[in-house]
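The next block holds one structure in the form of structure tokens; read it before the comments.
Bear in mind that the values in this text are calculations on the coordinates, not laboratory data. Keep in mind that what you see is a predicted model, and the values were worked out from it rather than measured. Here the Cβ is made from the backbone with ideal geometry for all residues, glycine too, and neighbour counts use every protein chain on show.
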Ligand SMILES: [Mn+2]
């Protein structure tokens, strides 16, 4: 394990927040924390192109009670986009039985082939997709069907002349490009408020936050951040299904009196829903939408809400099982040479992996092999799939660096998580470039951390204070990473836990150090079974700090990314050295 302070980090635990935010290039801490609504004045719904035309078009069809088809896009952003529009219209107009929500049978979006538009449709609404479906749009236009698109995806060839398209990417006056479908729909609701003399848009802020988080929008944009923070406040928590989900996933029990935490949505709620969106049937996807548009009574009737949640969890479990099977098969295809020498793994998993699983599997293998991983399937000589970076590999702008090779035909997404297409003959060239570029990097955890601190330098109140800032972390503002060194280590204090016996917890002075999903030959597991009491050890760890609330007790805990256990030999006892952390502003090599 190697670790290094993030460049120029003050490593000052007494100025924790300042240190962490500066490490993320955020210097105006007050504005950042206040998430002030004044900062929103730079954008209003009127800055979105075609928004007034869109409102007019929708109201025309509502007044006519046209047969309206609402295409619910199959991801959490898409569902919340459609749900807030549907709920708004239901609350404003009561009878909206002429609006029919529909879902895709396959993995498509917008007007792709796997959507079945009902024959008698007169008007189609597509939230969170559709901007680039030029051919299909023209086809429906020819049939006399009008189309309203409210989207945030980058447009390739300008607005279709045959639909009313509202899109923040294409709107020059709308500066926030890190705003997802649900955000653009929220602005549309504000425009509806304006036209209808209502003030209802803010009733749906909770789902706006959920969609923005699930679509991994950058929270360093003040507008995006504002809507996430507002939507997660308890006073805005109104959607009955969201409330039920929070209870069922047991997220944030300890905070629920005030607010929900971004990471609990990102890692708790969104993945369960997205598993159904990725490979559920059209009816299963629609059931999730129906929950988000149901009343409390409708959710309770025949336990509808609970049943849909259970279905989502089943889909997630099945996805995890499939992922485990394909991971095992992929690992078997790798040669010893690849595992030992390649600084990036580019894996052709044709016939091994289902396309819906390339992202989650790449993430797992990146963590397993401690380097960036690309997994795809080949079609017509092109390898296409997902890219995931590893937090311990010293390459922060993975997507950009891959782009710079000029060898990819498609790269889209975030720096650390993206989609790609690569002509198969270029595969080895990318690997060669990477191996040369990172030839001096040993494959092991290389962690850029916010702090390097002696165990003795962290007090209980430090752990507590760090935990109180949990609500600030999200996309673009990642949770701080700590290297805590010289922890006195006594193997008899290791507990092995979990149904698979693959979780280890080390306890010392009331603090817990936990690591999940350990391989069978992991040192912590080995040392839990067999140790020599005459030997002395210290542990150095890299991990994230929080407080653990269990059985009425609150204790500091460190979730480990990685660790080293070092035997103390001769007269060198690191436990006795007080402050050597100042010397750690280089790659430490232990
Ligand atoms: Mn989206």
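Do you know the relative contact order of segment 322-391, to the nearest whole percent, from alpha carbon pairs under 8 angstrom that are 6+ apart? That works out to 31 percent. Between residue 559 and residue 157, the simple label model (points 7 Å from Cα in the Cβ direction) yields a spacing of 4.5 nm. Compute the angle between helix 222-231 and the longest alpha-carbon principal axis of the chain, please, reported from 0 to 90 degrees and rounded to the nearest 10. Compared with the principal axis, the helix lies near 90 degrees. With a Förster radius of 56 Å applied to the beta-carbon distance between residue 490 and residue 94, the computed FRET efficiency rounds to 0.25.
Once the chain from residue 302 to residue 429 is taken as fully extended at 0.36 nm per residue, the excess over their C-alpha distance is 40.0 nm. Compared with the dominant principal axis of the Cα atoms in the chain, helix 76-93 is inclined by about 40°. Annotation: extensible slack from residue 350 through residue 328 equals 6.5 nm (criterion: 0.36 nm per residue apart, minus Cα-Cα distance).
Each Cα pair under 8 Å and six or more residues apart adds its separation to the average, and for segment 289-429 the resulting relative contact order is 16 percent.
For the pair residue 114 and residue 415 in one chain, pulling the backbone fully straight at 0.36 nm per residue adds 105.3 nm over the alpha carbon distance.
Note on residue 444 and residue 566: the model spin-label points, each 7 Å out from Cα along the C-beta direction, lie 1.1 nm apart.
For a paramagnetic label modelled at 7 Å from the Cα of residue 42 toward its Cβ, which residues of segment 215-239 fall within the zone defined by backbone nitrogen distances under 13 Å? Under 13 Å, as judged by backbone N against the label point of residue 42, lie 220-226 of segment 215-239.
Between residue 12 and residue 24, the simple label model (points 7 Å from Cα in the Cβ direction) yields a spacing of 1.9 nm. The long axis of helix 282-292 is offset from the longest Cα principal axis of the chain by roughly 90 degrees. The relative contact order of the chain comes to 13 percent, based on Cα pairs under 8 Å that sit 6 or more residues apart.
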